[in-house]
Each structure stands twice: as C-alpha cells, then as structure tokens.
Amino acid sequence: MYRMDPIQYRLPQSRIPQAWYNIQPDLPKPLAPVLHPGTLKPIGPDDLTPLFPMSLILQEVSTEREIEIPEEVRQVYAQWRPSPLFRARRLEKVLDTPARIYYKYEGVSPAGSHKPNTAVAQAYYNKKEGAKRLITETGAGQWGSALAMACAFFGLECKVYMVRVSYDQKPYRRALMEVFGASVTASPSDETESGRAILAQNPQSNGSLGIAISEAVEAAAKDPHTKYALGSFLNHVLLHQTVIGLEAMEQMALAGDEPDVIIGCTGGGSNFAGLAMPYLGRKIRGQCQAHVVAVEPAACPSLTKGKFTYDFADTGHLTPLVKMHTLGSSFIPPGIHAGGLRYHGMAPLVSHVMDLGLIEASAVQQLDAFAAGIQFARAEGIIPAPEANHAVAGAISEALRAKQEGKQRTILFNLSGHGHFDMQSYIDYQAGKLQNYDYPAEEIAMALAGLPTVA
Ligand SMILES: *Cc1c(COP(=O)(O)O)cnc(C)c1O
C-alpha cells in the first residue's frame, strides 16, 4: 500500500501555549542593566511609564519562568495558531541532502509574519491600562501592519512612522495598514524634531529603523493618552514570540525528531528568539545540544561585526542605553530589500546569549538570500519575505554542508513571513537590478567612534 510521508505537523487549537517562556531566570548570568543616558544609573519602571503600560514594563524585567498568556490574547492567536511546522521534503530532494529540514511557518498570520504574536499582546495590555492610541515605527511594513490589525481588534487608534525607502518600495504594505485603520507617515518626517534634524542633514534620506524609532518615541511621549509600541528588540517582545518555539518543540516531538541546528534571521532578534529561546532554556539545562544560528544581512551585520557595548536603541538618542551588539546608532544601513533587518543594534537578550556562547551568527549577502528564497519557493511553494530569505539561505547552506560531510543532520528554521507584499523586490532581483553591498566598514567605524562612553 502507498504510504504517505508526513509533510506537516499540526497541533489543535487547544495546544496554543498557555504561558510564554521567559529565559531570564535560566540565564547563567543576568542581563546588564538598562541605563539612563544622563545619569548612567540603571533605570527603574517609572522611567518607562510615559511610553509603556506597567504590565509590559514588568514583563521586561520579570524573573518568572512562565508568564501566563491572557485568555483574550489566546483567543486572537487561535485565528492562526498553532502555526504549522513543515518538513521540506521537496527542498531536501532538490538539494540532494541527507539532512532533514523542518520549518515553522509564521506567514499564516493575517498580517503575514510572526509580528502579530506580540502586536496582539501589546494592544491587549495597552487597552487594558487605558491607552487610546499606539504610535510605532515600521521598517518593511510587517510590524506596522501587525500592530494596525491588533489595534483594530482592541479598539485603539494607531499611527505608524514608516521608513522612507519602504514607504516608496512597498505601497501595498502601507495600504494594508490604512485598511486596518492606521495612519502612516514616511520617516524621516517634518512632524518631529528628530525627523527634522535628519532632513536638515539629508533631505533625500532613505530613513532607517533607528530614525523612525526616534520619531515614534518622541511623538508618543508628548501625548498622555498615547503609548509607544516596539515590534522587536525588547525583552517583552521576544517573550511574546516564544509561542513559536514552544509549539515547534511539540511539533518536532510529533515528527519524532530533534533539531541539531536551529536557524532564524535576525533584524532586532524577535523571530529568532521566539524559536530559539525555549530551546536555549533546554540547552542551559543540558537537555539540548543543538547549534543555534542567527543569520543577518552582510550589509547590516550587528552580531558578526558589531561591538558588544552600551548604545542608544535609536538614532535621535531619545532611548535609554542598552548593552547590545551594535554598529553605532548613527549608522544608516544600505537600502537592502529586507527592510526588517536594517537595524543598527540587536536585542539585548540575543546579544547576551551570543556573548555567553549559547548561539552563533553568520551573515548573508542580499543576492544569496534571494537565490535561496527562490530555490525554496520553487520547491515548497511559499514565497518567503526578503528577511526570511536569510534564514532559508542559512538552512540551505547547513543542508549542503551535511551533504558534503555525508552526515545526517536535522535542521529547524523559522520561516518568519511570506513575501506577497514584497514582490517588487523579487521583480527587481529577477531583472538583475539588485546588488550586494560591501560591508560598509567606513560608515560603521565612524558610527562606532560616536558610541556613548559608559565607564
Ligand atoms: C520584522 C521581520 C523580521 C525581523 O525582525 P526580528 O525582530 O529580527 O524577527 C524578520 N522576518 C519578518 C518576516 C519580519 O516581518
């Protein structure tokens, strides 16, 4: 009889995790404190109340291993969670590799990426604590559309500063945010002091996540009914994303397999952390030996080429100082199409586990990322977001290495989103219009020379 090889591992709605996993209490060494840029003293919860609701501030510093997911949030998650885990059998065949390749697919959310996992939670807590409006920034538009959707669900207004290069490259992302009811402004804009300062230096500025963060923080701090929301980077954001890894563990168990290599792309670090942190918890407890690899763009290589030190999270220097891998807060990354990866820093938690030697990092050029994404699409039928192409490239090179070494290896990677709103970048790639960017050594050296001094 014909036996079908399993390709997807689905969990029922009842298996949506009931708690997020917080790695902080399991860390062999605690995170470095967040510092006030003026006093250089650790900040307290009160310093953050103009920007965030207290429940999220408390999650930021929580030492509870498990943080319960509110019923209202799980109810929204149920629209697309648990997300599927696939075995990439056709890709394995094309690569002719002995490796088994699995991917967790976060593109099934209505906004098309992992971002709603935290957007929904953030909108919920903000609403509960009385906010009327959320302001945020968006790189490629994935985060903006996720937050716009979550705000629509919970009856909040939403305003988004969208990085100029994406605003121009991705009109459909902007339209999606507007359909969900958000208002969208290209950044740098003349609405804020931070934006005007950049425009005065360079009226043609492409913008960057660092600049857009300054604009959003500045605008949110001015209005008592408005809070700020960040789509990556912060501990509470990474926490909310751990539903990815918690589900993946159950699904890998269904597959009867254990990953030897775990891969995610990193912009601010949230989707990578979402998949990796629950496994790293096991690794710290000696229950998992997997290599955990963060893949970043060669044009914006914070983990592989950055410095692990205190820096501002934004270009306008409105945020506290955080210890992280940074290319310098004044570094404006080249206009690669993976807009969600164009950020000068890295989540403090991801930087910390890198520093502890719990994870590794590698950098991929833009053209190699797209080549990998197209190979994946032709085998698996899913067109990855340009950001996710970096994870695909990482997984393919692991699979080819396994082939070269003639070794079995189980690879698990996060396919953080689909690329249906990024087709212009695929058109440009296929037309030979995309280029690689050399490692921008000079710009980075200049930006690093401007790092704040923290004794
Ligand atoms: C935003 C985004 C990323 C990068 O952000 P992280 O916080 O590093 O996950 C990666 N993939 C997709 C699809 C995104 O939308």
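The values are calculated or read from the model by the stated rules, or taken from the named source; none is laboratory data. Keep in mind that this is a model prediction, so the values were computed, not measured. Every residue, glycine among them, receives a Cβ derived from its backbone with ideal geometry; neighbour counts consider all protein chains shown. Keep in mind that these areas ignore ligands, DNA and RNA; they rest on the heavy atoms of the full protein, side chains included. Shrake-Rupley method; radii C 1.70, N 1.55, O 1.52, S 1.80 Å.
See the values below:
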{"quantity": "Peptides 109-116, 162-169, 201-208, 11-18 ordered by average Cβ neighbours within 10 Å, highest first", "calculated": "109-116, 162-169, 201-208, 11-18"}
{"quantity": "Per-residue HN-Hα couplings for the range 125-140 [Karplus 6.51, -1.76, 1.60; θ = phi - 60°; Hz; x = Gly/Pro]", "calculated": "5, 4, 4, 4, 9, x, 5, 9, 9, 10, 10, 8, 10, 9, x, 6"}
{"quantity": "Extension gain from Val94 to Asp428, taking 0.36 nm per residue of separation minus the Cα-Cα distance", "calculated": "117.8 nm"}
{"quantity": "Solvent-accessible area of Leu254 with every protein chain in place, 1.4 Å probe, in Å² to the nearest 10", "calculated": "100"}
{"quantity": "The chain - Rg (one decimal) and Dmax (whole number), Cα, Å", "calculated": "20.4, 73"}
{"quantity": "Amide H within-cut-off set for Glu360, under 5 Å, with H built and near neighbours excluded", "calculated": "Val292, Val293, Ala294"}
{"quantity": "Theoretical FRET efficiency, 1/(1+(r/R0)^6), r = Cβ-Cβ of Trp80 and Ser14, R0 25 Å, to 0.05", "calculated": "0.95"}
{"quantity": "Debye log10 I(q)/I(0) at q = 0.22 Å⁻¹ for the range 34-100, Cα point scatterers", "calculated": "-1.01"}
{"quantity": "Total formal charge among the other residues, if their Cβ is under 15 angstrom from that of Tyr437, Lys/Arg +1 and Asp/Glu -1", "calculated": "-3"}
{"quantity": "Mean Cβ neighbour count within 10 Å, used as a protection proxy, ranking 395-405, 312-322 highest first", "calculated": "312-322, 395-405"}
{"quantity": "Rounded to whole Hz, the Karplus (6.51, -1.76, 1.60) HN-Hα couplings of the range 44-56, x for glycine and proline", "calculated": "x, x, 5, 5, 9, 5, x, 9, 10, x, 4, 4, 6"}
{"quantity": "Heavy atoms of Trp80: accessible area, 1.4 Å probe, square angstrom to 10", "calculated": "20"}
{"quantity": "Nonlocal amide H pairs with Cys158, under 5 Å, H built at 1.01 Å", "calculated": "Leu134, Ser183"}
{"quantity": "Glu442 accessible area, 1.4 Å probe, all protein chains in place, Å² to nearest 10", "calculated": "150"}
{"quantity": "Protection-proxy order for peptides 47-54, 290-297, each taking the mean of Cβ atoms within 10 Å per residue, highest first", "calculated": "290-297, 47-54"}
{"quantity": "Virtual spin-label span in nm between Asp168 and Ala152, 7 Å along Cα→Cβ", "calculated": "2.8"}
{"quantity": "Estimated distance in nm for a label pair at Val179 and Leu40, the labels positioned 7 Å out from Cα along Cα-to-Cβ", "calculated": "5.1"}
{"quantity": "The range 308-455 - Rg and Dmax from Cα coordinates, angstrom", "calculated": "17.4, 52"}
{"quantity": "Exposure rank, largest accessible area first [Glu60, Glu66; 1.4 Å]", "calculated": "Glu66, Glu60"}
{"quantity": "Sequence-distant lysines (8 or more away, or on other chains) whose Cα lies within less than 17 Å of Lys132", "calculated": "Lys159, Lys222, Lys227"}
{"quantity": "Hydrodynamic radius of the range 182-245 per Kirkwood, over alpha carbon pairs, in Å", "calculated": "13.2"}
{"quantity": "Within-15-Å neighbourhood charge of Thr304 [Cβ basis; K, R +1; D, E -1]", "calculated": "-3"}
{"quantity": "For the range 415-421, Karplus couplings with θ = phi - 60° (6.51, -1.76, 1.60), whole Hz, Gly/Pro x", "calculated": "8, 5, x, 8, x, 5, 9"}
